[in-house]
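Working notes for the structure below.
The values are calculated or read from the model by the stated rules, or taken from the named source; none is laboratory data. This structure is a prediction, so every number in the text was calculated from the model and none was measured. Positions of Cβ are generated from backbone atoms using ideal geometry, with glycine treated the same way; all protein chains shown enter the neighbour counts. Side chains included, ligands, DNA and RNA excluded: accessible areas come from the protein's heavy atoms. Shrake-Rupley method; radii C 1.70, N 1.55, O 1.52, S 1.80 Å.
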Amino acid sequence: MRILIAVKIELQYLLTILKGKVPINFHMKKIKIFLVMVSVFLITETNGQQQNVNTSLLLKESGLKINFEVYNEKYLRLRNMLPETYVFGEKSFPITNQTGYEVSMYCSGEENRTIHFGDPGMRLIFIGKEEKKLQNGKQIILIQRDPVKNLRVESFYEFNNASPVVRRYTKVVNEGKEDVGIEYLSSAVLYNYNEIPEELDNEIKVHFAYNNWSQEAQWKSYKPSELGWNYNGSVYRGTVSFSSIGSMSTHKYLPMGMIENTRNGLIWFWQIEHNGSWHWEMSEAADKSTYLYLGGPDEQNGHAWKLLKPGESYQTVPVALGCVKGGFNEAIAALTQYRRSVVVRPHQDNQKCPVIFNDYMNCLWAKPTTEKEMPLIETASKLKIDYFVIDAGWYAELNETWWDGVGLWQPSKTRFQGGLKKLLDDIKSKGMIPGLWLEIEVAGINSPLKSKPDNWFLMRHGKRVIDGGRYLLDFRNPEVIAHANEVIDRLIKDFGIGYFKIDYNSKELIGTETNASSAGQGMLEHNRAVIQWYKSVLDKYPDLIIEACASGGNRMDYAMLSQTQIVSSSDQQDYRKYPAILVGALAAVLPEQLGIWSYPLPNGNAKEASFNMVNGMLCRLYQSGLISKLPVESYKQVKKGIELYKSTLAPFIPRSVPFFPLGMPSMSDIYKPIAVGLQQNNKAFIAVWRLKGNQKISVPLPERADRVNLIYPDDLGIKVTKKGSSLQVVFPDEYMACIVEIEFKQD
């Protein structure tokens, strides 16, 4: 087939020569090449033995190899993705025309032949590939074409020099003369992570994380049968699937997962980089081979049907996909390097890790006044905190609710003596940078913005979408963007704001019908416009820090985190439950971006205060609580913790990789100890928490660990020793925590 395509190209060039547009004597060589290619084509077509020969195609970059075959010299089929040096037996994974489709695509009016595989995805003809150098790697585009619908399909593989991870997305162009309805289009597919069908349950473990309000990042590991997928001697007709629908991308699950093959010592891992609806599933293809489908919103999983008109193109959301030898720790290490090197917008904040105080959690609870703020400002200044953030309520009058009137973002006239500007100037006079809370993407039903035309808002069935007393602004509208820009510009220029905590408390499902093929497509376009707006703000104000928050950690995805410098991990109010959240969240977010509350209590003691501090000290320390009312012993622990964080941990965090020596914790288990570590080069730090369990805890150490040293808290009777390859920690009481420095043997 590819020979025939080449013949056609040469024939077109020959016709140009014969028409006299190019001197014939200058291109005799071209004519000879054409005649040779015609001969080869005729010989090939008349030799039946050559028609079913498959050829191999290998992409080998960044420690990965992705193996393809061109089936019958015509159809591109994906065999597997493996670490570069790993070899599977050739008898594994036979390629047929019934599996291995490089793109999963289904169009309206076509045949949906099997689970998530339909036409034209099954009949795409391989045309060739293009390569392009990237700043930190290489982009390879595999090009296919549907001869029936006249669609050009481009599969993007973006490799990087930092980690064995490929960034993958798909673009389709309508080159025909008729509209085409797209019902689903994969961002990426993966095949053959299980060799022997009947050994599925003995070979495979699936890792994923539940994520919900105040119980984020709860990782689970299951066999396929525990998720409903059993080897049944025939083709499994169901799927193991995970989806999120709406504008809170992580309100049920984290948009990532892993498939571990314990038999072969391999683990495949991925993250879907989108701030809205997404879907992934795993199951069996027609020949019982295993597949993984990764994508953004589609018609079945997000109400996102796309009408593609002639000349138009459509691109899926990007996903990151990788494979390494090892298990969970090795997968997170690879994802960490990928996130840090490829995805995240460079910003000085992620290198310096300044300390932030926010007045909300276990503190003022969105009821700020000058009288309440001044003692906190004074104490924060003494603690050498860098940013002081006033959370919700600063725009509401004393007799108003702060929830359903948001929209104009003008300061309250009754909360602050001398005005909000004077209070913010007081913050600056104490050596701190002021910050404010915003929920810029919504407008309260009692806000003056309610009088704006309907095209300002997400609409469905001819009505504005209302969620929790708020309308949702449509960021595809240039007037909405102008409004949002006016708010940011005014608060920066008039008040000297250097930090915005941008919250989002709406879990709007489905989407908007305005100017879109479907509600889900409207939501996709809106979500992309939101990210573009964040990018434009930081382009204009490169030193500004933006925190992504969504009722805590309900938009903890790497579309948001590609632009924002920090993310709120949770709204969990009980410090004793927080370790089980932060450890799981470290698998989903870079430590330099993961904001963890530390909120010591006025009626607490040194033990409680140090537990709170340990919670945040291996991530981004996000201080709160009524720090001006702390007992002396608690205040001392906070002061020591911040000093240690700024001098020792903050410089270490941005170059570290997390590891999980006791595995993933569960919020429901109050007896099992919890531990997490950060490692780089010849040093590591491990945080250890005792809950209600035994006072003596044993934690496996990394290879080459030599010496251990308790660095915080050093005055509460906690004892640490190294015993063989384990760290032994003895806590004198329940609900205590510590941080231990680990030094490695020199190579």
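Is it the case, given these coordinates, that Glu273 is among the charged types (D, E, K, R), farther than 28 Å from Met523 by Cβ, modelled with pLDDT of 95 or more and buried (at least 17 other Cβ atoms within 10 Å of the Cβ)?
Details: among the charged types (D, E, K, R): yes; farther than 28 Å from Met523 by Cβ: no; modelled with pLDDT of 95 or more: yes; buried (at least 17 other Cβ atoms within 10 Å of the Cβ): yes.
No, not satisfied.
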- Query: So, of the residues in segment 569-602 that are more than 20 Å from Ile545 (Cβ to Cβ) and of a type in the set (S, T, N, Q), which turns out to be nearest to the chain's Cα centre (by Cα)?
  - Reply: Gln572
- Query: Yes or no: Phe685 under 23 Å from the mean Cα position of the chain (by Cα) and within 23 Å of Ala333 (Cβ to Cβ)?
  - Reply: no
- Message: Restricting to segment 114-151, count the residues that are at pLDDT 95 or above, open to solvent by less than 70 Å² (accessible area, probe 1.4 Å) and acidic (Asp, Glu).
- Response: 1
- Note on the structure: Note on segment 409-451: residues of a type outside the set (S, T, N, Q) and open to solvent by 80 Å² or more (accessible area, probe 1.4 Å) are Lys413, Lys421, Lys422, Lys428, Lys450
- Task: State the number of residues belonging to segment 667-690 that are surrounded by fewer than 21 Cβ atoms within 10 Å (Cβ to Cβ) and aromatic (Phe, Trp, Tyr).
- Result: 1
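Out of segment 691-729, which residues are of a type in the set (Val, Ile, Thr), open to solvent by 20 Å² or more (accessible area, probe 1.4 Å) and either closer than 26 Å to Tyr635 by Cβ or in contact (Cβ under 8 Å) with a residue 40 or more places away in the chain (or both)? Let's see the steps before the verdict.
Restricting attention to segment 691-729, the residues satisfying the condition of being of a type in the set (Val, Ile, Thr) are 697, 699, 708, 711, 718, 720-721, 729.
Among the residues that remain, those that are also open to solvent by 20 Å² or more (accessible area, probe 1.4 Å) are: 708, 711, 720-721.
Correct list: Ile711, Val720.
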- Note on the structure: Residues of segment 650-666 being open to solvent by 10 Å² or more (accessible area, probe 1.4 Å) and small (Gly, Ala, Ser), in sequence order, are Gly663, Ser666
- Note on the structure: With criteria (1) more than 29 Å from the chain's Cα centre (by Cα); (2) surrounded by 18 or more Cβ atoms within 10 Å (Cβ to Cβ), Glu111 comes up short on (2)
- Matching residues, segment 579-603, being closer than 19 Å to His251 by Cα, touching a Phe, Trp or Tyr at 6+ places or on another chain (Cβ under 7 Å) and free of Cβ contacts under 8 Å to residues at least 60 places away in the same chain: Ile596
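Hey, could you check segment 604-626 for residues that are in a loop (DSSP other than H, G, I, E, B) and touching a residue at least 60 places away in the same chain (Cβ under 8 Å) and say which is nearest to Ile642 (Cα to Cα)? Lay out the reasoning, then the answer.
Here is the first cut: in segment 604-626, the residues in a loop (DSSP other than H, G, I, E, B) are 604-605, 617-619, 624-626.
Of the ones still in play, those that are also touching a residue at least 60 places away in the same chain (Cβ under 8 Å) are 617-618, 624-626.
Details: Met617: 8, Leu618: 12, Ser624: 12, Gly625: 14, Leu626: 16 Å.
Of everything passing the filter in segment 604-626, Met617 is nearest to Ile642 (Cα to Cα).
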- Message: Need pairs with beta-carbon distance below 8 Å; first residue more than 30 Å from Val317 (Cα to Cα) and within segment 183-204, second open to solvent by 10 Å² or more (accessible area, probe 1.4 Å) and aliphatic (A, V, I, L, M); sequence gap 6+ or separate chains.
- Response: Glu203/Ile196
- Among the residues of segment 452-483, which ones are small (Gly, Ala, Ser) and either farther than 18 Å from Gln521 by Cα or open to solvent by 80 Å² or more (accessible area, probe 1.4 Å) (or both)? Gly468, Gly469, Ala482
- Message: I'd like to verify a number: residues in segment 424-445 that are of a type in the set (Gly, Ala, Ser) and either touching an Asp or Glu at 6+ places or on another chain (Cβ under 7 Å) or closer than 30 Å to Arg464 by Cβ (or both), how many?
- Response: 2
- Task: Would you point out which residue out of Asp539, Asp543, Asp557, Asp574 is open to solvent by less than 10 Å² (accessible area, probe 1.4 Å) and among the acidic types (Asp, Glu)?
- Result: Asp557
- Please specify each residue of segment 532-553 satisfying the condition of being of a type outside the set (Asp, Glu) and within 13 Å of Gln348 (Cα to Cα). Leu538, Tyr541, Pro542, Leu544, Ile545, Ile546
- Item | Within segment 425-462, tally of residues that are touching a strand residue (DSSP E or B) at 6+ places or on another chain (Cβ under 7 Å), among the aliphatic types (A, V, I, L, M) and over 17 Å from Leu544 (Cβ atoms) | 5
- Selection within segment 600-642 - aromatic (Phe, Trp, Tyr) and crowded, with 24+ Cβ neighbours inside 10 Å: Phe611, Tyr622
- Counted residues, segment 256-273 - those being in a strand (DSSP E or B) and touching a Gly at 6+ places or on another chain (Cβ under 9 Å): 9
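Does Tyr645 qualify as being crowded, with 20+ Cβ neighbours inside 10 Å and among the hydroxyl-bearing types (Ser, Thr, Tyr)? Spell out how you get there, then give the answer.
Values: crowded, with 20+ Cβ neighbours inside 10 Å: yes; among the hydroxyl-bearing types (Ser, Thr, Tyr): yes.
Yes: the conditions hold for Tyr645.
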- Query: Can you tell me which residue in segment 297-315 is nearest to Val153 (Cα to Cα), limited to those that are open to solvent by less than 10 Å² (accessible area, probe 1.4 Å) and in a loop (DSSP other than H, G, I, E, B)?
  - Reply: Asp298
- Message: Could you go through segment 328-344 and let me know if any residue there is crowded, with 20+ Cβ neighbours inside 10 Å, touching a helix residue (DSSP H, G or I) at 6+ places or on another chain (Cβ under 8 Å) and hydrophobic (A, V, I, L, M, F, W, C).
- Response: no
